[in-house]
1. Here is a list: LEU240, LEU213, LEU200. Which entry is more than 21 Å from ILE94 (Cβ to Cβ) and among the aliphatic types (A, V, I, L, M)?
2. Filter region 165-220 for residues that are of a type in the set (Lys, Arg), farther than 23 Å from LEU18 by Cα and in a helix (DSSP H, G or I) and give the result.
3. Return yes or no: is SER275 surrounded by 18 or more Cβ atoms within 10 Å (Cβ to Cβ) and more than 29 Å from LYS196 (Cβ to Cβ)?
4. Run ASP223 past the list (1) at pLDDT 95 or above; (2) of a type outside the set (A, V, I, L, M); (3) out of contact with any Gly (no Cβ under 7 Å at 6 or more places or on another chain); (4) over 29 Å from GLN287 (Cα atoms) and report the number of the one that doesn't hold.
5. When you scan region 208-222, how many residues do you find that are acidic (Asp, Glu) and either touching a Lys or Arg at 6+ places or on another chain (Cβ under 6 Å) or buried (at least 24 other Cβ atoms within 10 Å of the Cβ) (or both)?
6. Show the residue pairs meeting these rules: Cβ distance below 9 Å; 6+ apart or different chains; first residue within region 131-160 and under 20 Å from THR188 (Cα atoms); second residue part of a loop (DSSP other than H, G, I, E, B) and basic (Lys, Arg).
7. For region 95-111, which positions are modelled with pLDDT under 95 and buried (at least 18 other Cβ atoms within 10 Å of the Cβ)?
8. Give ALA270, ALA281 a once-over and let me know the one that is under 20 Å from GLY29 (Cα atoms), of a type outside the set (Lys, Arg) and more than 22 Å from the chain's Cα centre (by Cα).
Amino acid sequence: MLSIRCPVSDSNQFKPFLSVPDRYHPMSGYMWHLVESEDSGLVVLNPRPDSEKIAAHYRNERYLPHLSPEKAKKPQEQLYLVAKRLLLGYKASIILKHAEKDPKNISVLEIGCSTGDLLGYLHRKKGVPLQNLAGIEPDPEAAAYAENHNRITICRNGIGGIDKEQQFDCIIFWHVLEHIHDLHETLTLARNKLAKDGALVITLPNRESHDALHYREHWIAYDAPRHLYHFTPESLEKLLLRYRLSITTAAPYLPDTLFNTFGSEKLSCAMQNRSFHTGDAVKAVLQAIRAMAIGKANPLKASSLVYIVRKQK
């Protein structure tokens, strides 16, 4: 197990925050420890598996982000893929809006692109040339699917494997930054590879959201040990300033809310050693409606936030 210093303040002064289960093994009895930096307010998983041992915690047939159509056998998995496909257009519109270029002229890098569906959509539906698209994905099966089905050029060994001279108008971290062990290397290289007027699109769970505060240790977006960091807008801004990057906008991404409330209710049931019933589903929907209303009224309390980040002038 690896113990770290705060990546924002470099301090090793932490206070206990929460102890949370692995949502895939809720009855194992093992709890992962989240601690809060006394200097920056960033919450981190500490200690955590190192970058080699963490791979074992992604090799689970229920880990949906790496799911491909060929592997989707259960109704829940098929429903997830349907929702994922329906949301591709919405995600693409967010990216193109902030790229501020004609789609035929923009270049896009997605870090943690999984099966490459978003990049594939940008090509097929929005006209971004394939040669202008690249993805980074360490999972071998997800990377192979991205290459074979979406025809995306994939780098498997991190952002350092991208051509040193290549720059991008848009670099996407869609629910990815919280997974990365070496934030310093990643953000340094991302800044170097970002074109002068380009944008980073960073989507993250928000630990100050209504659903996070409601579900506490059962909030599915804590997702230990895969999620290594839990940001607020303030702690993310502090981190980015170290790399001469700044947040220009932060907007709620409401579709995550329903996923989070359903998953959190299921985890809560599992921790009580009982099945998930219709009444629990109703509770999840009601919590989602409430969380969405709160997030719409106060975007900084939304379940997930999409941050648009640019180089400081």
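The values are calculated or read from the model by the stated rules, or taken from the named source; none is laboratory data. What you see is a predicted model, and the numbers here were worked out from it, not measured in a lab. Neighbour counts run over all protein chains shown; Cβ positions are idealised from the backbone, glycine included.
1. Of LEU240, LEU213, LEU200, the one residue that is more than 21 Å from ILE94 (Cβ to Cβ) and among the aliphatic types (A, V, I, L, M) is LEU213.
2. ARG191, LYS193
3. Judged against the criteria, SER275 is not a match.
4. (4)
5. Looking only at that region, the number is 1.
6. ILE136/ARG156; GLU137/ARG156; PRO138/ARG156
7. Selection gives ILE95, LEU96, HIS98, ALA99, PRO103.
8. ALA270
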